[in-house]
Every structure is written in structure tokens, then in C-alpha cells.
1. If the requirement is being at pLDDT 95 or above and within 27 Å of residue 278 (Cβ to Cβ), which of these qualifies: 130, 61?
2. Collect the residues in the range 138-151 that are open to solvent by 10 Å² or more (accessible area, probe 1.4 Å) and either touching a helix residue (DSSP H, G or I) at 6+ places or on another chain (Cβ under 9 Å) or more than 17 Å from residue 91 (Cα to Cα) (or both), keeping them in residue-number order.
3. From 138, 97, 177, grab the single residue that is at pLDDT below 95 and not in a loop (DSSP other than H, G, I, E, B).
4. Determine whether residue 189 is farther than 30 Å from residue 294 by Cβ and of a type outside the set (S, T, N, Q).
5. With (1) small (Gly, Ala, Ser); (2) open to solvent by less than 10 Å² (accessible area, probe 1.4 Å); (3) over 16 Å from residue 141 (Cβ atoms) as the list, and residue 91 as the residue in question, which single condition is left unmet?
6. Need the failing condition index for residue 60 against (1) touching a helix residue (DSSP H, G or I) at 6+ places or on another chain (Cβ under 8 Å); (2) touching a residue at least 24 places away in the same chain (Cβ under 8 Å); (3) not in a helix (DSSP H, G or I), just the number.
7. How many residues does the range 168-183 hold that are closer than 17 Å to residue 114 by Cα and open to solvent by 60 Å² or more (accessible area, probe 1.4 Å)?
8. Only one of these is farther than 23 Å from residue 260 by Cβ and either modelled with pLDDT under 95 or not in a loop (DSSP other than H, G, I, E, B) (or both): 157, 198. Name it.
Amino acid sequence: MTDQSQPLLRKIIHIDMDAFYASVEQRDFPEYRGKPLVVGGKPDSRGVVATASYEARQFGIRSAMSCSKAYQLCPTAIFVYPRFDAYTAVSKSIREIFRRYTDLIEPLSLDEAYLDVTADKLGIGSAIDIAKSIKDAIKNELNLTASAGVSINKFVAKVASDMNKPDGLTFIGPSRIESFMEKLPVEKFFGVGKVTAAKMKAMQITTGADLKKLTEVQLLAQFGKSGKFYYQIVRGIDNRPVQAHRETKSVGAEDTLAEDTNDDSVMHDLLKQISETVAKRVEKYGLKGKTITLKIKFADFKLITRSRSFSTPIYTAEVMYAEAVKLLNEAEIGHASVRLLGITLSRFYDDAVTEKTQDNQLEFDF
């Protein structure tokens with residue numbers, strides 16, 4: 001790592017609560033403990049899994065899966081509706097613990113956040129020791145566990161926090177970052193979703209080392225603006241600061257098609273996936289929006305958007321998908337080939353939360 005590639009060595013911690021909603025339920029209701037628990041809805045509903053306990057995950061149940069599918073995988077699982085008031089209260093308590101060490105806190109949702117502890121309030125100095133102290137406080141005071149990733153930038157800290165769940169703590173120092181990124185499977189890169197991962201693998205790109213062989217120009221040609229991000233991050237470069245106290249203006253997701261297309265069925269399938277992702281995110285944030293925007297990028301990189309506003313808030317995947325299809329039809333793209341589709345929800349009905357960051361739709365897919 002050179003000074004040019006990483007001009008400032010920050011101390012960044014990413015804290016991610018373990019199976020947060022399910023863990024809160026198991027903490028508050030002893031009868032759920034040690035049992036497969038699904039938070040999201042009833043098995044006969046059209047809901048999706050918000051969080052599954054680790055006991056449920058052993059059966060293959062995962063977030064964003066339909067509750068009916070989860071029931072098929074584990075008929076003995078307990079299904080409960082989310083209690084967002086309870087999760088929000090716990091999240092505030094977690095935030096109070098963070099503030100003992102730093103004011104530079106960037107929440108990503110109720111259950112995860114970045115902390116910049118380069119200059120920590122207590123003068124501890126060691127980011128690893130701070131992460132341990134935070135984890136201990138969460139466990140002792142709230143009877144919950146969290147996993148932590150520690151590094152010099154946000155990207156690597158986030159990847160690290162997912163490596164030894166649950167109740168893990170992983171440190172990736174400056175000297176290890178590039179070798180770590182080279183060995184990392186592309187599907188583990190934050191910002192690389194299923195479609196992009198499949199495209200990369202079709203190009204014989206399976207690890208960071210493979211990705212590193214491509215020039216920035218080649219990556220931009222293949223992945224648009226995300227290509228620049230991939231070029232930098234595989235080299236351990238991420239100079240994004242931890243941004244505290246930003247109000248959420250919009251939540252969304254977008255994805256690049258594996259191949260440019262004007263096939264309605266292919267685009268509708270992708271819109272369904274994106275709708276489910278956005279619905280999961282707004283549910284996680286406890287938000288409901290009144291404006292939906294469809295983003296369409298064509299093969300020639302021309303970009304258009306179409307929006308529709310409502311008098312009552314929307315938040316379900318089904319409604320977002322139906323409206324996105326209508327907006328796509330109204331766009332009258334004809335025989336033009338589409339490269340990318342995205343859905344964004346804005347004008348939130350609940351504008352009370354001011355410490356959430358804008359969702360990581362950026363240029364990434366989900």
C-alpha cells in the first residue's frame with residue numbers, strides 16, 4: 001500500500017448485529033430460544049423473511065426468501081411478524097454505546113453502522129480494543145451479540161465483519177489488504193450481486209486476483225461506473241469518509257443485465273428482483289415512500305428516468321413491481337436494448353429518522 005493509493009490511514013470499525021430482529025425476539029421471548037425462528041410474516045402469507053435465527057439458517061432459510069419457501073424448508077419453524085418499535089429502541093441503545101467512543105457514526109440500517117475511531121473519545125488508540133469493548137458492552141448491557149470488522153477503510157471493514165459471524169471480530173491491517181482482496185471470491189465483494197457475479201464468472205473472473213488483471217478502461221466498458229469502484233477496491237483503495245448525521249432521501253437498488261436486451265420477460269424478472277430488494281431495505285429501515293422512480297440505462301449508455309407519486313405511502317415489493325412495470329411500459333422503449341434497470345423509493349412518509357445514510361444503491365447492483 002502506497003501513500004498515493006491510501007493517503008489517509010483511518011481506523012474504521014463496521015459493527016453488524018447478529019441476526020438482529022430474530023435475536024431481539026429470542027431475547028425478549030424465552031420460548032423462542034434455541035428454536036428456528038423466522039421474522040417476516042406467516043408461512044401462508046406473501047411476505048418475505050426479514051431475518052432468520054441461526055437455528056433456522058441451518059435449514060437454508062435466508063433473508064429475502066419468501067415465507068412460504070421458508071416453511072417448506074422447515075415446517076417446525078416459528079414465524080412472527082416484525083416489531084419495528086422494539087428493534088428501533090434497541091438500535092438507539094446500541095447507538096448510545098457507539099457514542100461513548102466516537103461521534104463519527106454512519107448507520108446503514110437499524111442493525112449495522114460504520115464508526116471512525118481514528119481519534120476516539122476515550123483515547124484508547126487501538127481500534128481492535130475499541131471493537132472488543134463495544135461488543136462486550138452490547139453483550140453485557142443488551143444481551144445481544146454483534147460482529148465487528150476492523151480495517152483502514154469502509155469496504156474492507158464491512159467485508160471483515162461478515163467473516164466470523166456470529167460474535168466475531170476480524171482485523172485486516174494495511175499490509176494484508178491487497179493479498180486479502182486478491183483471494184476474495186467476487187461474490188463476496190460488497191456491491192457485486194448475483195447478476196454481476198455471474199457476468200464476471202462468464203468472463204473467467206472468480207477472485208479479486210482475476211479482477212485485478214483488467215484495466216480500469218476494461219472494467220468501465222464492462223460494468224459502467226461501477227467498474228471504477230471495482231478497479232480501486234480490489235487494490236484496497238476506498239477513501240470514502242464515515243459520514244454522520246445524513247438524512248435518508250431515497251432508498252433503491254439497480255442492476256445491470258447480464259446481456260443488453262429488449263425482452264419484456266427478462267426485464268420484468270429483473271424488476272421483480274429489484275423490487276424485492278428495495279422492499280427489504282425500506283422494511284429494514286422502517287420507511288414508506290410516496291414516489292417511485294424507474295431508472296433505465298440503454299446499451300448506448302443513454303439514461304432516462306420515469307416517476308410516479310402517490311397520496312398514500314407504498315413499501316411492498318408487489319406494489320413497487322407493478323408500478324415499475326407500468327413505468328417501463330409508459331417509457332415506450334420500443335426495440336432499444338436496455339443495459340440496466342433500477343428502482344428508487346423517495347418522499348418518505350416517516351421522515352423522523354435523521355441519522356440514516358442514503359442506501360448503498362450507488363452504482364452497485366444488489
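1. Details: 130 fails: within 27 Å of residue 278 (Cβ to Cβ).
Among 130, 61, only 61 is at pLDDT 95 or above and within 27 Å of residue 278 (Cβ to Cβ).
2. 141, 142, 143, 145, listed by residue number.
3. Working: 138 fails: at pLDDT below 95; 97 fails: at pLDDT below 95.
After applying the criteria, what remains is 177.
4. Values: farther than 30 Å from residue 294 by Cβ: no; of a type outside the set (S, T, N, Q): yes.
No; evaluated as a whole, the condition is false for this residue.
5. Failed condition: (3).
6. Exception for residue 60: condition (2).
7. If we filter the range 168-183 for residues that are closer than 17 Å to residue 114 by Cα, which is where we start, we get 168-173.
Those still in the list that are open to solvent by 60 Å² or more (accessible area, probe 1.4 Å) too: 171.
Counting residues in the range 168-183 that are closer than 17 Å to residue 114 by Cα and open to solvent by 60 Å² or more (accessible area, probe 1.4 Å) gives 1.
8. Values: 198 fails: farther than 23 Å from residue 260 by Cβ.
So the residue among 157, 198 that is farther than 23 Å from residue 260 by Cβ and either modelled with pLDDT under 95 or not in a loop (DSSP other than H, G, I, E, B) (or both) is 157.
The values are calculated or read from the model by the stated rules, or taken from the named source; none is laboratory data. Worth saying up front: this structure is predicted, and the values here are computed from it rather than measured. Positions of Cβ are generated from backbone atoms using ideal geometry, with glycine treated the same way; all protein chains shown enter the neighbour counts. Side chains included, ligands, DNA and RNA excluded: accessible areas come from the protein's heavy atoms. Shrake-Rupley method; radii C 1.70, N 1.55, O 1.52, S 1.80 Å.
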